[in-house]
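Reading through the structure tokens given below for one structure.
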Amino acid sequence: MRAQDSATATRTIAVTTTDRTGGTVRIGSAGTTGTVRTSEAGSSGGASTAPARGAATDTSGSRTDPLPRGTLLAALGVLSFSLTFPSTVWGLESFGPWSLVAVRSTLAALIAGTFLLVGRVPLPERRHWAGLAVVAGGVVIGFPLLTTLALQTSTTSHAAVVVGLLPLTTAAFAALRTGRRPSRTFWFAAVSGAVVVLAFTVQQSGGAVSQGDLYLFGALLVCAAGYTEGGRLARLMPGWHVIGWALILCLPLMATGSAVALSVEPVHLNAHGVIGLIWVAAGSTFFGLYVWYRGMASIGIPKASQLQLAQPLLTLIWSVVLLGETLPLAAPLAAVAVLVCIAVTQRAKS
């Protein structure tokens with residue numbers, strides 16, 4: 001259809017139609033020069049479709065997650081992680097440290113494998129396996145093993161120091177790995193939050209460096225590397241694919257480790273031990289990492305990592321509720337300071 005000029009028409013005519021490419025043709029008032037507006041296909045001849053109302057798109061027209069949803073997913077991950085230390089303490093009531101780590105990873109891998117099989121998810125590309133190995137070594141084996149060993153001699157409040165430093169370390173790893181350079185405001189708020197958490201947790205634990213502390217600092221480094229690489233991969237594949245394939249990669253080693261550890265370490269099953277094992281396997285290792293990596297892919301590694309500043313304080317709350325520990329009076333003040341730092345990092349340009 002072609003719009004033609006008319007010098008005599010007095011009525012207003014509005015016609016909307018759809019051409020073959022999905023565009024629209026609108027003819028305005030007949031008393032003026034007619035205009036034709038249509039959405040045309042690109043140079044390749046493909047059809048262009050308009051985004052649905054409320055959908056967030058980038059400049060290429062692809063759908064992206066809105067910021068609040070990504071923040072919510074990362075926050076759910078932090079909430080899941082905050083239960084890890086208390087659940088590990090429960091698990092140690094029934095299992096030895098090596099058995100607990102091996103069995104939790106094996107169970108999480110079986111859960112992930114079931115989802116991957118039902119979803120008929122294809123194998124990752126060869127170029128992704130090296131990154132998946134870093135994720136597996138950092139968050140599936142390294143962090144659980146080192147923190148479990150630390151919790152044999154450290155309290156949950158003392159162990160919380162590692163997650164107090166983890167956001168800053170993750171942001172530093174991300175800057176080195178991805179080349180992104182957060183703003184000075186971001187770094188100031190991040191360091192301030194880490195200092196608050198460190199001052200709170202170290203003061204409560206006496207500040208002495210022990211073998212448990214060495215385990216915790218080692219866990220800090222390997223976990224930050226795993227988070228960073230996992231966040232990068234979550235931009236290339238769904239987040240649950242990342243943790244799923246990382247778990248599958250560890251399955252042969254963890255299954256063998258389970259058999260050996262269970263034959264060596266004593267097992268005394270009770271309700272706490274079983275619940276703790278189930279949570280660290282299904283909640284912390286699978287669900288927590290799934291939503292965490294999706295959140296990091298949506299809002300970026302630096303901003304997502306700063307949400308973890310709240311994790312030590314959440315862990316302290318769970319330690320009171322689940323383990324009967326006494327909550328220090330300084331906790332509310334530290335919580336307010338940390339939340340302020342989180343707010344600043346979320347608004348800072350990264």
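The values are calculated or read from the model by the stated rules, or taken from the named source; none is laboratory data. What you see is a predicted model, and the numbers here were worked out from it, not measured in a lab. We place every Cβ from the backbone using ideal geometry, glycine too, and count neighbours over all the protein chains shown. Just the protein is used for accessible areas: all its heavy atoms, side chains included, with ligands, DNA and RNA removed. Shrake-Rupley method; radii C 1.70, N 1.55, O 1.52, S 1.80 Å.
The single condition among (1) within 21 Å of the chain's Cα centre (by Cα); (2) closer than 20 Å to Leu307 by Cβ; (3) part of a helix (DSSP H, G or I) that Ala199 does not satisfy is (1). Cβ-Cβ contacts under 8 Å between residues 6 or more apart (or on different chains), taken from a first residue in region 177-201 that is farther than 24 Å from Pro312 by Cα to a second residue that is surrounded by 21 or more Cβ atoms within 10 Å (Cβ to Cβ) and acidic (Asp, Glu), are listed as Arg177/Glu229.
State which residue is nearest to Val135 (Cα to Cα) when the search covers only region 222-235 and only residues that are in contact with a Phe, Trp or Tyr (Cβ under 9 Å, 6 or more places away or on another chain) and either assigned to a loop (DSSP other than H, G, I, E, B) or open to solvent by 40 Å² or more (accessible area, probe 1.4 Å) (or both). Give the steps one after another, and end with the answer.
Applying the first criterion (in contact with a Phe, Trp or Tyr (Cβ under 9 Å, 6 or more places away or on another chain)) to region 222-235 yields 222-231, 233-234.
Retained after the next criterion (residues that are either assigned to a loop (DSSP other than H, G, I, E, B) or open to solvent by 40 Å² or more (accessible area, probe 1.4 Å) (or both)): 222, 234.
Numbers: Val222: 9, Ala234: 11 Å.
Here the answer is Val222.
Of everything listed in (1) of a type outside the set (S, T, N, Q); (2) closer than 19 Å to Ala225 by Cα; (3) at pLDDT below 85; (4) in contact with a helix residue (DSSP H, G or I) (Cβ under 7 Å, 6 or more places away or on another chain), the single unmet condition for His158 is (2).
Out of curiosity, is Val274 touching a residue at least 12 places away in the same chain (Cβ under 8 Å), part of a helix (DSSP H, G or I) and closer than 21 Å to Pro86 by Cα?
Values: touching a residue at least 12 places away in the same chain (Cβ under 8 Å): yes; part of a helix (DSSP H, G or I): yes; closer than 21 Å to Pro86 by Cα: yes.
It is true that Val274 is touching a residue at least 12 places away in the same chain (Cβ under 8 Å), part of a helix (DSSP H, G or I) and closer than 21 Å to Pro86 by Cα.
Applying the criterion of being closer than 19 Å to Ala281 by Cα and β-branched (Val, Ile, Thr) to the residues of region 95-133, the residue that is least open to solvent (accessible area, probe 1.4 Å) is Val101.
Matching residues to (1) touching a helix residue (DSSP H, G or I) at 6+ places or on another chain (Cβ under 6 Å); (2) not hydrophobic (A, V, I, L, M, F, W, C):
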site: Ala189; (1), (2): yes, no
site: Ser192; (1), (2): yes, yes
site: Leu198; (1), (2): yes, no
site: Gln211; (1), (2): no, yes
site: Ala219; (1), (2): yes, no
site: Met254; (1), (2): yes, no
site: Gly257; (1), (2): yes, yes
site: Leu262; (1), (2): yes, no
site: His268; (1), (2): no, yes
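Counting only residues that are among the polar types (S, T, N, Q) and part of a loop (DSSP other than H, G, I, E, B), which one in region 115-153 is modelled with the highest pLDDT? The extreme case among them is Gln152.
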